[in-house]
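FYI, it's all coordinate maths here, none of it is from the lab. From a predicted model like this one, the values you see are computed outputs, not experimental measurements. Cβ coordinates were reconstructed from backbone atoms using ideal geometry, including for glycine residues, and neighbour counts include every protein chain displayed.
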Amino acid sequence: MQDDPLKQQLLKELRELRRGEGALSLERISQCEALVRVVGMGSVEQAHATLFEMFRRCAADPDGDIRAYLETSGIGLEGNSVNQRLDAYAAQHNVDQRTGLRRSDRGALKLATLFRDEELFYRPWGHLTLYQFGATVLVSIALHMDPASEYRPPAVWVNDELQEDLAWDFQQPSPTTGYVRALNHLDGHPFQPEAKWLFKVDVEWRMGVWPTWVLAAQLADNRLVSKIQTQRNFMTEATITWGAWPGEDLPKTGDFASFDQPTTDVR
């Protein structure tokens with residue numbers, strides 16, 4: 001089956017990127033429209049960081065195709081031209097230049113496929129879960145990341161107050177994803193009726209590549225809505241605010257609804 005236009009464009013740009021002069025720089029990547037749009041989500045810096053993160057992941061396989069592509073493109077090997085980098089690759093890996101080029105070509109094709117399918121399996125991701133109980137909220141924050149990624153702990157604010165001394169203890173890698181996971185519960189935070197939001201949690205997680213965030217919310221009061229916003233400065237914000245049915249506002253007086261407490265049958 002013929003490749004789709006996006007994969008063809010990505011492959012074309014990856015090959016052009018490999019022909020560039022010197023180390024793999026932001027300036028070279030800025031000329032690659034599809035790579036910046038798909039891999040960097042519109043950011044040259046994130047496209048650059050993502051390629052370097054991929055190199056760190058692939059460094060364990062010295063004969064790997066993706067590593068060969070990245071090295072011959074200017075990551076980890078010196079050389080002002082692709083031919084000089086192929087010579088350096090051949091010397092470092094004890095192969096001839098043609099073998100290095102074949103590996104690099106296969107690596108470019110594999111990367112184009114990964115990027116086309118958005119299988120950025122090395123991207124960290126987080127879960128923000130909000131549970132509303134009357135006028136208070138329980139927040140659960142779960143971090144998921146590849147154990148080979150360079151880790152930086154997040155900063156967390158609840159209702160604009162920095163949460164000090166949060167410990168992020170990662171478990172063993174998941175047998176399904178290979179990712180490690182850390183979880184924190186922040187309990188008993190009250191609504192702020194005087195603010196433009198009733199509740200807000202901000203998480204700044206400055207990883208090498210932008211994390212992906214997912215919001216889940218369990219709200220007992222049908223007058224409330226929740227939403228999540230992510231920014232390019234690594235900041236993610238989840239809020240609970242007053243909502244409205246289409247065409248009319250709901251009353252903002254009275255106690256906030258809560259879920260019934262579970263009962264235990266002791267018989």
Between Thr129, Pro153, Gly208, whose Cα lies farthest towards the positive end of the dipole of the chain when Lys and Arg beta carbons carry +1 and Asp and Glu beta carbons carry -1, centred on the Cα centre? Gly208
Which entry is the computed semi-axes √(5λ) of the Cα gyration tensor in Å for this structure: (1) 47, 20, 16; (2) 56, 18, 15; (3) 29, 19, 18? (1)
Heads up, the stretch 1-76 by the C-alpha gyration tensor (a ≥ b ≥ c square roots of eigenvalues; a/c under 1.5 rounded, else a/b over b/c prolate, else oblate) looks oblate
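Let's see if you can work this out: charge +1 on each Lys and Arg Cβ, -1 on each Asp and Glu Cβ, no other charges. What is the dipole magnitude of the stretch 124-212 about its Cα centre, in debye to the nearest 20?
On the way: 5 positive and 11 negative charges, 61 e Å.
With Lys and Arg at +1 and Asp and Glu at -1, about 300 debye.
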Integer Hz, Karplus 6.51/-1.76/1.60 couplings in order for the stretch 215-224, x for Gly and Pro: 10, 10, 9, 10, 10, 7, 8, 6, 8, 10
Label-reachable residues, the stretch 84-110, where backbone N falls under 16 Å from a point 7 Å from Lys12's Cα toward its Cβ: 109
Reachable aspartates and glutamates from Lys196, criterion Cα separation under 20 angstrom, eight or more residues apart if same chain: Asp160, Glu161, Asp221, Glu237, Glu248, Asp249, Asp255
Could you check what % of the DSSP bridge pairs in the chain are antiparallel, to the nearest 5? 85 percent
In degrees rounded to 10, the 0-90 angle between helix 44-58 Cα long axis and the longest Cα principal axis of the chain is 70 degrees
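Would you work out if the stretch 22-143 is rounded, prolate or oblate? Take a ≥ b ≥ c from the square roots of the eigenvalues of the alpha-carbon gyration tensor; rounded if a/c is under 1.5, else prolate when a/b is larger than b/c, oblate otherwise.
Details: a/c = 3.12, a/b = 2.40, b/c = 1.30.
Prolate is the answer for the stretch 22-143, as a/c is 1.5 or above and a/b outweighs b/c.
With a/c under 1.5 counting as rounded, go ahead and sort the stretch 151-267 into rounded, prolate or oblate using the C-alpha gyration tensor (a ≥ b ≥ c being the square roots of the eigenvalues; past the cut-off, prolate if a/b is larger than b/c, else oblate).
Values: a/c = 2.04, a/b = 1.37, b/c = 1.49.
Oblate shape, in that a/c is at least 1.5 and b/c is the bigger or equal ratio.
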Between the stretch 28-93 and the stretch 199-260, what is the separation of their alpha carbon centroids in Å? 39 Å
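Counting each DSSP H run of 4 or more residues in the chain as -39500 (n - 2.57), what helix-only mean residue ellipticity at 222 nm follows after dividing by all residues, to the nearest 500 deg cm²/dmol?
Details: 6 runs with 74 residues, N = 267.
Per the formula, -8500 deg cm²/dmol.
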Short version: ³J(HN,Hα) in whole Hz for each residue of the stretch 184-189, in order, from phi by Karplus 6.51 cos²θ - 1.76 cosθ + 1.60 (θ = phi - 60°), x for Gly and Pro, what are they? 10, 10, 10, 10, x, 8
What list of ³J(HN,Hα) values in whole Hz, one per residue of the stretch 74-88 in order, does the Karplus curve 6.51 cos²θ - 1.76 cosθ + 1.60 (θ = phi - 60°) give from phi, with Gly and Pro shown as x? x, 9, x, 10, 8, x, 7, 10, 5, 5, 5, 5, 5, 4, 5
Nearest 10 degrees, 0 to 90: helix 5-18 Cα axis against the chain principal axis: 60 degrees
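Can you pull out the GluC sites (Glu not before Pro) in the stretch 163-267 whose DSSP state is coil and whose Cβ has at most 14 other Cβ atoms within 10 Å? It would help to have the intermediate numbers written out before the result.
On the way: sites: Glu164, Glu194, Glu204, Glu237, Glu248; in loops: Glu164, Glu194.
Loop-located and lightly packed - Glu164, Glu194.
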Mind pulling the angle between the C-alpha long axis of helix 97-116 and the longest principal axis of the chain? Nearest 10 degrees, somewhere in 0 to 90. 20 degrees
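Charges only on Cβ, +1 for Lys and Arg, -1 for Asp and Glu: so what's the dipole of the stretch 1-85 about the Cα centre, in debye to the nearest 20? Mind showing how you got there, number by number?
Numbers: 11 positive and 14 negative charges, 8 e Å.
I would put it at about 40 debye.
For the stretch 1-107, run through the GluC sites (Glu not before Pro) and keep only the ones in DSSP coil with at most 14 other Cβ atoms within 10 Å of their Cβ.
On the way: sites: Glu13, Glu16, Glu21, Glu27, Glu33, Glu45, Glu53, Glu71, Glu78; in loops: Glu21, Glu78.
Listed in order of number, the matching sites are Glu21, Glu78.
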